[in-house]
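Just below is one structure, and these are the notes that go with it.
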Amino acid sequence: MKINASICAGLVATLIGFAAPALSQTIKIGFISSYSGAAAAQGDQLDKGVKLYMKLNADKLPPGVKLELITRDDTGPNPDVAKRVAQELIVRDKVQFLTGLVWTPNMAAIAPLTTEAKVPFVSMNAAGARVMNNAPYMARVSFTLWQSAYPLGQWAAKKYKRAYTAVSDFAPGHEAEEGFIKGFKEGGGEIVGSLRIPLANPDFVPFMQRIKDAKPDVVFGFNPAGKAATGMMKAYADLDLAKAGVKFIGTGDIVTDDELPNMGDVTLGVTTVHHYSAHSDRPANKAFVAAYKKEFGENLNPSFMAVGAWDAMDAIFHAIREQGGKVDPDKSMEAIKKWRNPNSPRGMVSIDPETRDVINPEYLREVRKVGGKLANVELETISTGIKDPMKEADKKK
Amino acid sequence: MESFLSSLVSVAFHGVAYGMILYVISVGLSVTMGLMGFTNLAHGVFAMAGGYVLVTALSKWDVPFPLALLMAFVLVALASVILERLLYSRLYGAVELEQVLLTIGLIFMSVAVARLIFGTLQQPVVLPDYLKGQFSMLGRDFPAYRVFLILFSAGIIASLWFGVERTIWGAKVRAAVDNRAMAQSIGINTRRLFGVTFAAGSGLAGLGGALGAEIVAIQPTYPFEQLVYFLIVVSVGGLGSLRGPFVAALLIGITDTACKYWLPQFGAFFIYVATIGLLLWRPTGLFGKRS
Amino acid sequence: MSQYVGYNADPGLRWSESLPWLAAALAFFLLPEYLSLGARILTYILFALSLDLIIGYAGIITLGHAAFFGLGAYVTGIMSAKLGYTDPVVQLLTSGVLAGLLGLATGAVILRMHGLTQLMLTLAIAALCLEVANKATPVTGGADGLSGVVIAPIFGLFAFDMFGKTAYLWCLFVLFVGWWGVRRLIYSPFGVSLTGIRENSLRMHAIGAPVDARLRRVYTLSAGMAGMAGALLTQTNQFVGLNVLGFEPSGELLVMLILGGVGRLYGAFVGPLVFLVAQDYLAKKFPEYWYFGIGLMLVLVVLFARGGILGLIDAMSARFRGKAR
């Protein structure tokens, strides 16, 4: 009668196997980041933010709901790879949410997919402002360039008369340039010149020389966070622009908290405006940074990218909780549009339901040495919640 | 007018610095291609390796700068000897396609290895204090490191030319480049000659990569990105020649810098157009052998 | 190059030549979730065929074939996104013609040079195209690429869908036409003369063959084909970015072709299939090791298996036949 026993056991196991999915529910989230290529360090930041959030908030899901995170590499600013990867996640893996993305071009590429397939997408970093205009299933939790460039321009116009802009030649660079110029001119400043530097450029010295020769009071620089920013500041130091009376300012992207230690003393005194600094005293931030260092290493700093990932997961968790685990694309988008997190490491963050874009606090910071290490020290809070000024300006047109 | 002159001086200065680096890296390629006819597209790998050696020596092992430069030369030269024995020597006399494929394969492999070991970011170079800052000359300020670069490269180039023009080894190399069969028939061991020359050329590439780490960033995609420039220097300069690539490298360095300064929206466009034009005029290069 | 087998004197169709098409048809029905990968493979097979014509049959080494591919891709993208011409057939033909023109123009320059200079020029031209695409942001979208590419339904009937069904069949159709054309070319007197030029161009000159004209013609044809492959890529992805240009895609295509077996018609089929399937699976799991792996594979193929996969199959079946006797 051994045979009967094993048949019974088999039947029971099969029944449990069928029942189990009905009892628990797995929600699949497709996470696209850049693990190879030029942006691997930023992609890694997103990855860490996601993993940290999921680890610390596993209990915040509705009972019986499990999450499956499917990770894919878009290999950098490669929109066709991103599109292919997103397509596979939707068609093959049947994900219910998409998130991630370091690069704006990749976000533009997957926009039509999210609309056609009705899969909500939350951008953790990709910051191009107009990408979401025709994509009702996309939302952004990171930032837009104008949010930091425009107030920076306004602030700079109070202190300086002549400015030169030098940005990387791609959409975020153009947006940063436009935002700064608008803010600076509105404050009464004069733009002496504008340079758009190719993205894949190793040597900034000739460009900096040109800027030095034009004798502005301040140079506004924008590069994607990382090596290009370092290169630009090195050239600034090499040509002794500081001694020539030219100050260096920019959006926080040029002195990201994770890169800052590697960039060296050349960054001291650089003034930036951004929505997050790892050094900030806010209790929510201190807890976040401590948890980050504990999980990933004392020497590592989180940057705004990790915070973007953190908050995006918070938004997605919120949407899942609101629907009790049974997610529907339209209801998810409704929930995401209403999401806000007053305890975000950056301060208070929320989504503008009209544009589905993020509403950010903005801080004025300066790079100083604190305890022997370079840090972005917050000097003042420029705004507690600013919507994307570019879209506001678009509306007025 | 004064500011135009000033920017002219600046462009010339930076252009020469860049050109010198290009030459130090590419001269090895010119000689080995002219000497043994081996198309080594992976030459950029040696330059990149030299850069990584320098960066690691400076930041991880606290080696003084001059010694780090020497290490870049020696270690890369040694590595090239191993590569030559193991891989390259199997394809001497093979069809060009196979040499191209082999060396492209090597590029892929080294890009991957560089990423694995060093990550994808550009390596920061920690210069010694005596090379930082500005150097005053003729009423203008020049970045000290680039002044050093120009002078040091000039020294390397001078010793190289002296070595090739005045020593017996140099004479053998020149003979073998001119006519390999003849050289062999008068008893020159061309295989060993090539081994030594290849090591020297690769070591120089490593040194050039290390010296130029400030100007041409050391990152895993280096061999891909810079290959075009090395090949331009060699083919415009002329295979197997020493002087030709020097002129070509300076031309490229100055043109590239000038374009970045005065016409930044065109990028590297002019370099390629100028190269095509030059080659249509002189297909074997400015100073190459006319076949 | 004498070890490159591929010239078979008999131009008749062999039954084994229907295998690729049967396999493609089966894939359509059995693997509906992988159709966008399938469309990609078909596109690259067409691209590899065009490269095979030049390297394998005519013996010109080029590192910049992606210039034509990229031009075709961008032409289709610009036609759709900027100019509003969305008919896929018109896009395909325009891309092919314009890429062919570029091939004609650059061929005139490249084919005059030899050796390293020729190689370097192919690289320089590819780099030039990349630079132009990078800078001409209002037209090409620059570093952000060109989105908003809308493709009208083929013949007004078959719309391009998210699942890639239409794309797959469209690519299959175009590949079939391309394959048929290449096959006829190879077995024509023109094609045979190409093999002659590859093996011994001096002798071909001596017997009065118009070598330069032939080379220019095949270069132009190959460029046109590559342009059409590029158009297919844009139509499948509804997007085109800078990574269709430059050294890396040219290098990757070279790897695909060598893997399959250069100088053979079906090397261009086997190579991209194996490469892209492996990439789809392995590159996701082990991205760095994947890159290392293709480099290593290339080195090993050059040293030990010059005929690629097809060459290995030939060698094994020859040994098998040898033993059976």
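Some notes on this structure:
- Residue list for the stretch C:56-89, restricted to those being surrounded by fewer than 23 Cβ atoms within 10 Å (Cβ to Cβ), among the β-branched types (Val, Ile, Thr) and part of a helix (DSSP H, G or I): C:ILE78, C:VAL89
- Taking (1) of a type in the set (A, V, I, L, M); (2) part of a helix (DSSP H, G or I); (3) more than 14 Å from A:GLY252 (Cβ to Cβ); (4) in contact (Cβ under 8 Å) with a residue 24 or more places away in the chain in turn, A:VAL349 satisfies each apart from (2).
- Check on B:LEU160, farther than 25 Å from A:ALA235 by Cβ, within 7 Å of another protein chain (Cβ to nearest Cβ) and not in a loop (DSSP other than H, G, I, E, B): no
- Residue satisfying condition, being surrounded by fewer than 23 Cβ atoms within 10 Å (Cβ to Cβ), touching a strand residue (DSSP E or B) at 6+ places or on another chain (Cβ under 6 Å) and of a type in the set (Gly, Ala, Ser), within set A:ALA237, A:ALA214, A:ALA244: A:ALA214
- Flag if B:GLY285 is closer than 29 Å to B:LEU78 by Cβ and under 18 Å from the mean Cα position of the chain (by Cα): no
- Hits in the stretch A:131-167 (condition: assigned by TED's automatic domain parsing to the domain that holds A:SER344 and free of Cβ contacts under 8 Å to residues at least 60 places away in the same chain): A:VAL131, A:ASN133, A:ASN134, A:ALA135
- Filter result (more than 10 Å from chain B (Cβ to nearest Cβ) and within 25 Å of B:VAL9 (Cβ to Cβ)) within the stretch A:183-207: A:VAL192, A:GLY193, A:SER194
So that you can scan it fast, the table gives a plain yes or no per residue for (1) at negative phi; (2) in contact with a Cys (Cβ under 7 Å, 6 or more places away or on another chain); (3) of a type in the set (A, V, I, L, M):
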| position | (1), (2), (3) |
| --- | --- |
| A:ALA109 | yes, no, yes |
| A:PRO112 | yes, no, no |
| A:LYS118 | no, no, no |
| A:SER123 | yes, no, no |
| A:GLY128 | yes, no, no |
| A:ALA156 | yes, no, yes |
| A:PRO172 | yes, no, no |
| A:GLU177 | yes, no, no |
| A:ILE181 | yes, no, yes |
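- Any hit, the stretch B:231-250, residues being within 14 Å of chain A (Cβ to nearest Cβ) and aliphatic (A, V, I, L, M): no
- Filter pass, A:LYS185 being modelled with pLDDT under 85 and either part of a helix (DSSP H, G or I) or crowded, with 24+ Cβ neighbours inside 10 Å (or both): no
- Per-region count, the stretch C:104-118, residues assigned to a helix (DSSP H, G or I) and out of contact with any Lys or Arg (no Cβ under 9 Å at 6 or more places or on another chain): 7
- Enumerated helices (runs of 4 or more DSSP H) restricted to the stretch C:229-325, each holding at least 3 residues that are more than 12 Å from chain B (Cβ to nearest Cβ): C:267-278, C:308-324
- Qualifying positions in the stretch A:128-166 - touching a strand residue (DSSP E or B) at 6+ places or on another chain (Cβ under 7 Å), part of a helix (DSSP H, G or I) and surrounded by fewer than 23 Cβ atoms within 10 Å (Cβ to Cβ): A:PRO151, A:TRP155
- Here B:SER110 passes the criteria (1) within 12 Å of chain C (Cβ to nearest Cβ); (2) farther than 30 Å from A:LEU260 by Cα except the one numbered (2).
- Just one of the listed residues (C:ALA223, C:ALA206, C:ALA167) is over 18 Å from C:GLY107 (Cα atoms) and buried (at least 23 other Cβ atoms within 10 Å of the Cβ), namely C:ALA167.
- Flag for A:PRO224 being in a loop (DSSP other than H, G, I, E, B), at pLDDT 90 or above and more than 10 Å from chain B (Cβ to nearest Cβ): no
- Odd one out for B:PHE142, checked against (1) crowded, with 20+ Cβ neighbours inside 10 Å; (2) within 8 Å of another protein chain (Cβ to nearest Cβ); (3) out of contact with any Leu (no Cβ under 6 Å at 6 or more places or on another chain); (4) under 18 Å from B:HIS14 (Cβ atoms): (2)
- Residue-level check: of (1) part of a helix (DSSP H, G or I); (2) more than 16 Å from the chain's Cα centre (by Cα); (3) over 21 Å from B:ALA154 (Cα atoms), B:LEU227 misses just (2).
- In the stretch C:150-173, the residues that are within 9 Å of another protein chain (Cβ to nearest Cβ) and without any contact (Cβ under 8 Å) to a residue 40 or more places away in the chain: C:ASP161, C:MET162
- Cβ-Cβ distances below 6 Å connect the following pairs, each with a first residue in the stretch A:63-77 that is in a strand (DSSP E or B) and surrounded by fewer than 16 Cβ atoms within 10 Å (Cβ to Cβ), a second residue that is at pLDDT below 85 and of a type in the set (Ser, Thr, Tyr), and a separation of six or more residues or different chains: A:LYS66/A:SER24.
- Filtering the stretch C:120-149 to residues that are assigned to a loop (DSSP other than H, G, I, E, B), at the interface with another protein chain (Cβ under 9 Å from one of its Cβ atoms) and under 25 Å from the mean Cα position of the chain (by Cα) leaves C:GLY141, C:GLY145, C:SER147.
- Boolean, A:VAL141 is at negative phi, within 9 Å of another protein chain (Cβ to nearest Cβ) and not aromatic (Phe, Trp, Tyr): no
- Positions within the stretch A:236-266 being within 17 Å of A:SER194 (Cα to Cα) and not in a loop (DSSP other than H, G, I, E, B), in sequence order: A:TYR236, A:LYS247, A:PHE248, A:ILE249, A:GLY250, A:THR251
- Flag: B:ARG166 does not match the condition of being farther than 29 Å from B:LEU54 by Cβ, under 22 Å from the mean Cα position of the chain (by Cα) and of a type outside the set (Asp, Glu).
- Filter result (exposed (fewer than 15 other Cβ atoms within 10 Å of the Cβ) and under 14 Å from C:ALA81 (Cβ atoms)) within the stretch C:137-164: C:PRO138, C:VAL150
- Restricting attention to the stretch B:251-268, the residues that are facing chain A (nearest Cβ under 9 Å) and assigned to a helix (DSSP H, G or I) total 9.
- With respect to the conditions (1) crowded, with 19+ Cβ neighbours inside 10 Å; (2) more than 12 Å from every other protein chain (Cβ to nearest Cβ), B:TRP61 lacks only one, and its number is (1).
- Filter result for A:ILE320 (under 20 Å from the mean Cα position of the chain (by Cα), buried (at least 20 other Cβ atoms within 10 Å of the Cβ), assigned by TED's automatic domain parsing to the domain that holds A:PRO136 and of a type in the set (Val, Ile, Thr)): no
The values are calculated or read from the model by the stated rules, or taken from the named source; none is laboratory data. Predicted model, so just to flag it, every value in this text is computed and none were measured. Heads up, the Cβs are rebuilt from the backbone with ideal geometry, glycines too, and the neighbour counts pull from every protein chain shown.
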